[in-house]
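Worksheet: the structure to be examined is printed underneath.
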Amino acid sequence: FLIQEVNRESNTIGSKCCDVSIAQVVVALKAEVEKMRQQIQQIAGTKDATLQALSMEGTSSPDGRYNYNLTLAQRRMDFAVNYLRQQVPEELRRDMQFKSKAAVAPWSDVVKQMRADSLYDEAAQVEQIVKRYGNIDQQGRAIRKLPFFGRLLEGKYLPQLRKVGYVMNYSIFRQLTL
């Protein structure tokens with residue numbers, strides 16, 4: 001069900017979007033969802049297979065209030081993990097561990113991205129703000145005032161920091177015969 005919902009959301013985003021980069025993300029998301037579906041089906045269909053753990057980790061961008069971003073990211077990861085727990089057949093989840101984790105990317109990650117794209121002057125401006133203000137919320141308020149924030153940071157670099165990853169561990173018991 002979750003996989004169907006993600007596919008529906010992907011279709012909705014893709015159909016309403018005119019931006020090529022977002023359309024590419026939608027295609028990649030749909031491919032990843034299909035891989036996840038196939039993995040779960042393969043494990044469920046394998047004799048003596050046991051799912052051991054499922055963990056999900058989400059990272060939000062630093063734009064906005066830190067506590068809000070962290071809380072929202074954690075709630076999203078908790079919801080996803082709890083929902084997936086309900087979708088795994090009882091016989092496969094008996095001894096399974098479920099974990100979720102959330103984080104907020106630091107502004108220094110934006111600096112690294114910009115330097116990798118040879119935007120040294122802009123990266124230096126962001127880095128100066130990061131060094132000047134120790135608090136990530138203060139950093140964000142000052143960085144939002146930069147003239148290139150909207151077109152460059154908000155449009156390109158911050159979306160790259162938003163990530164969700166998952167790890168599924170499983171084992172298959174096989175009798176060795178000699």
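The values are calculated or read from the model by the stated rules, or taken from the named source; none is laboratory data. Since we're looking at a predicted model, the values are computed, not measured. Reconstructed Cβ throughout: ideal geometry from the backbone, glycine too, with neighbour counts over all protein chains shown. With ligands, DNA and RNA removed, areas are computed over all heavy atoms of the protein, side chains included. Shrake-Rupley method; radii C 1.70, N 1.55, O 1.52, S 1.80 Å.
With all protein chains present, calculate the accessible area of residue 100 using a 1.4 Å probe and round the result to the nearest 10 Å².
40
Heavy-atom accessible area per residue, segment 65-162, 1.4 Å probe: how many Å²?
Details: 6220 Å² over 98 residues.
That works out to 64 Å² per residue.
Please list, by residue number, everything in segment 49-77 whose backbone N is under 11 Å from a paramagnetic label point 7 Å out along Cα→Cβ of residue 173.
49-50
Ignoring any ligand, DNA or RNA, what whole percent of the accessible area of segment 42-106 comes from carbon and sulfur when the probe is 1.4 angstrom?
Here it works out to 46 percent.
Quick check: pseudo-label points 7 Å beyond the Cα along Cα→Cβ at residue 131 and residue 44, how many nm apart are they?
Distance between label points: 5.5 nm.
For segment 54-178, rounded, prolate or oblate, judged on the Cα gyration tensor with a ≥ b ≥ c (square roots of eigenvalues), a/c < 1.5 rounded, else prolate if a/b > b/c? It would help to have the intermediate numbers written out before the result.
Values: a/c = 3.67, a/b = 2.38, b/c = 1.54.
Prolate, because a/c is 1.5 or more and a/b exceeds b/c.
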